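Read through the structure below, which is laid out as structure tokens, and then see the notes.
The values are calculated or read from the model by the stated rules, or taken from the named source; none is laboratory data. Please read these numbers as outputs of a predicted model, since none were measured by experiment. Because the Cβ atoms are built from the backbone with ideal geometry, glycine has one as well, and the counts that use them run over all protein chains shown.
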Amino acid sequence: MSKARPRRSVLYMPGSNARALEKAKTLAVDCLILDLEDAVAPEAKSEAREKVAQAVRDGGYGRREVIVRINGLDTEWGADDLAAAVPAGPDGLLVPKVSSASDVRNACAALDKAGAPKSMRLWAMMETPRAVLDALAIAEASAEPSSRLDCLVMGTNDLAKDTGALLTEDRMSVRAWLSTCVAAAAAHGLTILDGVYNNFRDTDGFAAECKQGRVLGMDGKTLIHPNQIEVCNTTFSPDEAELERARKILEAFERPENAGKGVITVDGRMVERLHAESAAKMVVVADAIADIESE
Ligand code: COA
Ligand code: MG
């Protein structure tokens with residue numbers, strides 16, 4: 001559970017792409033997902049596994065959180081991926097196609113068995129119809145003492161594939177699924193990341209989808225190309241106007257005359273104590289982002 005750590009921009013790269021693994025060290029992303037799954041062809045799996053393990057071992061990714069996406073533990077590659085990734089020491093493993101609480105437990109048990117330190121986290125792809133329908137149970141598994149789960153990652157391409165839903169610009173078909181998973185993540189203090197925007201040359205379309213994710217309550221968005229990073233970081237950071245309002249709300253509740261009040265007026269709008277809680281959270285997030293950006 002690491003909500004204070006900004007996870008605004010989360011860039012995937014194929015584990016087989018040495019250039020991308022190197023370039024990632026220079027990019028202004030919060031997290032990296034070194035992929036061994038969908039972005040790597042079957043014949044390139046073992047080479048990618050070695051490359052990723054070596055890259056993680058060599059390090060050089062600075063403050064960026066480094067996550068390895070392994071193949072499913074029920075595939076022919078999953079166990080080897082896990083066995084190679086864990087000793088390399090990434091911040092976490094992302095497991096694809098998690099569909100139930102027992103999938104979370106099994107992945108945690110596999111990490112324990114491989115000798116992963118407790119600090120190594122588990123991220124779960126939410127990309128099957130079952131995962132959406134069982135989102136609460138999946139998130140709830142994070143409350144078990146042995147759980148490492150702290151982030152849910154929407155896999156909208158797989159959801160569209162499995163359901164036959166069409167991915168339109170307004171994402172009308174997947175919005176309810178995104179919101180269901182946002183609620184499940186929020187119920188257990190997990191980070192939740194939006195799915196990728198495939199048409200990476202369309203910067204306006206990407207900006208609109210980023211904004212939509214923020215409106216829906218996502219903490220950040222998964223990305224596929226460096227040209228998506230800047231807009232994503234900006235969209236998922238509180239802006240100046242939001243911060244100014246948050247500070248005003250906090251100040252207003254701190255005034256002696258408002259000490260016993262549950263509801264007050266700030267700039268003509270009703271503000272309750274719950275807004276002060278959100279404002280305090282926003283300031284913490286903004287401070288964490290400022291720390292990153294001053295590095
Ligand atoms: N991570 C790191 N660097 C990346 C990158 C990524 N995901 N995507 C592109 N780059 C780099 C390229 O290496 C290139 O660097 P250079 O010019 O310094 O050598 C630069 O960014 C520009 O790349 P560009 O030529 O515009 O893209 P491309 O045609 O080489 O690649 C994709 C396009 C879609 C194949 C590539 O962006 C990609 O593989 N994205 C990730 C896909 C993925 O991991 N999917 C799984 C989850 S959905
Ligand atoms: Mg997938």
- Kindly indicate the residue of segment 197-234 that is part of a helix (DSSP H, G or I) and β-branched (Val, Ile, Thr) and also surrounded by the fewest Cβ atoms within 10 Å (Cβ to Cβ) among those meeting that condition. Val215
- Query: How many residues are among the hydroxyl-bearing types (Ser, Thr, Tyr) and touching a strand residue (DSSP E or B) at 6+ places or on another chain (Cβ under 8 Å) if we restrict to segment 122-155?
  - Reply: 2
- Message: Which count do you get for residues in segment 1-15 that are under 17 Å from Ala55 (Cα atoms) and assigned to a loop (DSSP other than H, G, I, E, B)?
- Response: 1
- Note on the structure: Note on segment 16-71: residues in a helix (DSSP H, G or I) and under 22 Å from Asp291 (Cα atoms) are Ala24, Lys25, Thr26
- Message: under 20 Å from Met282 (Cα atoms), outside the structural domain of Ala279 (by TED's automatic domain parsing) and modelled with pLDDT of 95 or more: is that true of Leu216 in this structure?
- Response: yes
- Is at least one residue of segment 99-107 hydrophobic (A, V, I, L, M, F, W, C), part of a loop (DSSP other than H, G, I, E, B) and more than 12 Å from ligand 1 (Cβ to nearest atom)? no
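Here's the yes/no breakdown for (1) part of a helix (DSSP H, G or I); (2) within 16 Å of ligand 1 (Cβ to nearest atom):
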| position | (1), (2) |
| --- | --- |
| Asp150 | no, no |
| Asn157 | yes, yes |
| Ser173 | no, no |
| Ala176 | yes, no |
| Ser179 | yes, no |
| Val182 | yes, no |
- Residue hits (segment 202-224; in contact (Cβ under 8 Å) with a residue 12 or more places away in the chain and over 16 Å from Asp30 (Cβ atoms)) are Thr203, Gly205, Phe206, Ala207, Ala208, Glu209, Lys211, Gln212, Leu216, Gly217
- Message: For Leu34, only one of the following conditions fails: (1) surrounded by 24 or more Cβ atoms within 10 Å (Cβ to Cβ); (2) among the hydrophobic types (A, V, I, L, M, F, W, C); (3) away from ligand 2 (no atom under 16 Å from the Cβ). What is its number?
- Response: (3)
- Message: Being touching a residue at least 40 places away in the same chain (Cβ under 8 Å), closer than 21 Å to Lys25 by Cα and acidic (Asp, Glu) is the filter here; which residues of segment 47-89 pass it?
- Response: Glu65
